[in-house]
Amino acid sequence: MDIFDFSSGREGYYGQYGGVFLPEVLHNTIEELLHCFRECKEDPDFWREYVRLLQNYSGRPTPVTHLPNLSSHLGGAQIYVKRDDLNHTGSHKINNVMGQGLLCQRLGKKKVIAETGAGQHGYATATMAARFGFDCKIYMGAVDVARQRPNVFWMENLGAEVIAVQDGQKTLKDAINECMRDWVLNMTDTHYVLGTACGPHPFPEMVSWFQSIIGIEAREQILALVGKLPDRIYACVGGGSNAIGIFQGFLNDENVELVGCEAGGLGVGSNMHAARLAYNDASVGVAQGYKTYFLQNQQGNMLETHSIAAGLDYIGINPIFSYLWEQDKVRFEAATDLEVKEALRLIMRMEGLIPALETTHAFASAIKEAPTMAADQIILINQSGRGDKDIFMIADALDDQQWKSFIKDKATQYRLEEN
Amino acid sequence: MELATYIRERRQEKELLIMAHVVCGYPSFEENMQALEIMEQAGVDLVELQFPFSEPSADGPIFVRANEESLKSGTTIDQCFDFMRAVTSRFTFKVLMMGYYNTVFKMGEKDFLERLSAAGGVAFILPDLPIAESVMLRKTALSRGIDPIIFMTPTSSEKRLSELGAASSGMVYVVARKGVTGTKSNIDAEVVALLQRCRMHTDVPLGLGFGISNRDDLQVLRGTADVAIIGTAALKTWQNAGPFGLRDFFHALS
Ligand SMILES: Cc1ncc(COP(=O)(O)O)c(C=O)c1O
């Protein structure tokens, strides 16, 4: 199947999901973006330049790593990991951002804006802007600024202006709203680098296209390594960009099961989660420029969401996934905060890997299911990012006393320096 | 009576009509009613009642806060329609619903139109619903005598203006500048030129909004626009100077 082969009059739609729901003042801008994107997608030189850039700048292709210890500990399927955590800036976000940077050059725009949740996308965008010479403004919910200071630090030092958004729940969705407000004013010289496969068309298609590099590589690599395709692929789903990235390499392989892993937060029925499809709390709606499943109330107002992972803490989901889920092409599961903490401990100790908290959701789901699979079956997990950035959150989660006393000492030192 | 006819008839006596804006439930429905009373006395011709939404991405800080506060205090859609009913039976100005598309989508387009009709509303303004996505809604609305209000903007090409013109009914909402609601605009020759461009593409009355705040602005618009749309400036006045301030504000306009 080609999900981007739109039928006439349904451009930008995946089943009933997707579309363009924007203020009229952006009509020209989004048309211009669509036109430029179509040109890029049809130009094989563009893709070659994109791949070359990621190879030289970000270390692609990222390897696929076998996890023998974890596999034998769980006693089921053989577990392999696609290592997008080894990218420059530490996550898959750089793929999309470098692609949009090249596209922004073609558009002739000199400024970029972006929203960020965990800060990984903001960090990647600030990096790209420094490299390409663009002015860069990052909108980030005030709550996320508080919980992801290390990324804010890097963004600012890379020359970006970070704006803490004080509206609404002060998280990712509010940062997106604020980006939209900036864009409707500054669209003439500004490109909006949306960080995930959500928002108005062509963003879901465009972000998916750039992230498809993960799946293209992974398919070749796993075939070379084990001589067959994986039985199941797990990827965490916030907006849904790393997942659609790896899944695209296997969409036409009938025997490969695709599993999207959402943020279960405090669990089913807690109203404190961000599981749009795995739990039963979301319904179809239109917000932030597109139609998809949203965590919203009867009146169409968005609900509060929660996750230990800021990058999964979002109300909506890639419209392509709403469609693929309905078509039974992708299964959705959720992992709770607690399961994620346990999984993280296990992975660090057994394999010496430190996945990001977002990514650990995919591990947690795979760890649950691996023991029920046969020893000759293959699991592939997309390691979308590394966990170093989460050191404050992880230290809290693991209640690490040594870390706490280190921070206390640091604070005392700063206080003394001030006086 | 359809909106365009109402505006044309009022225009026989008045060069420039005024449309005001109220966010339902902010600061409270009682205060909304008090503000509307003042608007009626000041001769306001049209009022848009905004149904609060959690993601008001086309609004600036003052309306964003108003939406947030209203929802926090528990405002529901039922209350908004009940309020609209009360307003339309009490006052002579015409009432339009303003809001975001998800409010309509979640209740269903048919239900929405039925309830809007029953509450005495004559039109709706949904800034995040482009014409390509509203074909059915606009058709059904027109068959019930309700006008879908569409936007024309400074970034619209001639080709786009003609598409928008073909879809227009009741009134066109011309946006004075880029950006969201709330900041002051320069109502100048450029805005007049924009209105003249829009005029070439539609026969329905033109309302101009975004950043209108005083008598001088209205003076510039006389003769080119049919309706001056006043939003944030009035709410700001209410917040800073209460009912008396609002009375003075509208009096100073005329
Ligand atoms: C490491 C990592 N993985 C996953 C995500 C979730 O985003 P997406 O679903 O678009 O891949 C984020 C978002 O911040 C992230 O930082």
Any idea which residue in the stretch A:290-312 is nearest to A:Ala395 (Cα to Cα), counting only those that are open to solvent by less than 10 Å² (accessible area, probe 1.4 Å) and not in a strand (DSSP E or B)?
A:Ala309
Exclusive hit being away from every other protein chain (no Cβ under 14 Å), closer than 22 Å to A:Arg147 by Cα and within 15 Å of the ligand (Cβ to nearest atom), set A:Gly311, A:Gly316:
A:Gly311
Qualifying positions in the stretch A:1-35 - within 9 Å of chain B (Cβ to nearest Cβ), buried (at least 18 other Cβ atoms within 10 Å of the Cβ) and not in a loop (DSSP other than H, G, I, E, B)
A:Glu24, A:Val25, A:Leu26, A:His27, A:Thr29
When you scan the stretch B:91-113, how many residues do you find that are without any contact (Cβ under 8 Å) to a residue 12 or more places away in the chain and open to solvent by 40 Å² or more (accessible area, probe 1.4 Å)?
3
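Looking at the stretch B:116-133, which of its residues are within 14 Å of chain A (Cβ to nearest Cβ) and crowded, with 21+ Cβ neighbours inside 10 Å?
Correct list: B:Ile125, B:Leu126, B:Pro127, B:Asp128, B:Leu129, B:Pro130.
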With B:Leu142, B:Leu129, B:Leu116 as the choices, which residue is of a type outside the set (Lys, Arg) and more than 19 Å from B:Phe53 (Cα to Cα)?
B:Leu142
Within the stretch A:67-81, does at least one residue satisfy the condition of being on the phi < 0 side of the Ramachandran plot, within 16 Å of the ligand (Cβ to nearest atom) and not β-branched (Val, Ile, Thr)?
no
Scanning the stretch B:137-161 residue by residue, those open to solvent by 40 Å² or more (accessible area, probe 1.4 Å) and within 13 Å of chain A (Cβ to nearest Cβ) turn out to be B:Pro154, B:Ser157, B:Glu158, B:Lys159
Looking at (1) in the same structural domain as A:Gln78 (by TED's automatic domain parsing); (2) among the hydrophobic types (A, V, I, L, M, F, W, C); (3) open to solvent by 10 Å² or more (accessible area, probe 1.4 Å), which one does A:Ala287 not meet, given that it meets all the others?
(3)
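The values are calculated or read from the model by the stated rules, or taken from the named source; none is laboratory data. What you see is a predicted model; the values in this text were computed from it and never measured. Ideal geometry is used to build each Cβ from the backbone, glycine not excepted, and the neighbour counts take in all protein chains shown. Calculation scope for accessible area: heavy atoms of the full protein, side chains included, ligands and nucleic acids excluded. Shrake-Rupley method; radii C 1.70, N 1.55, O 1.52, S 1.80 Å.
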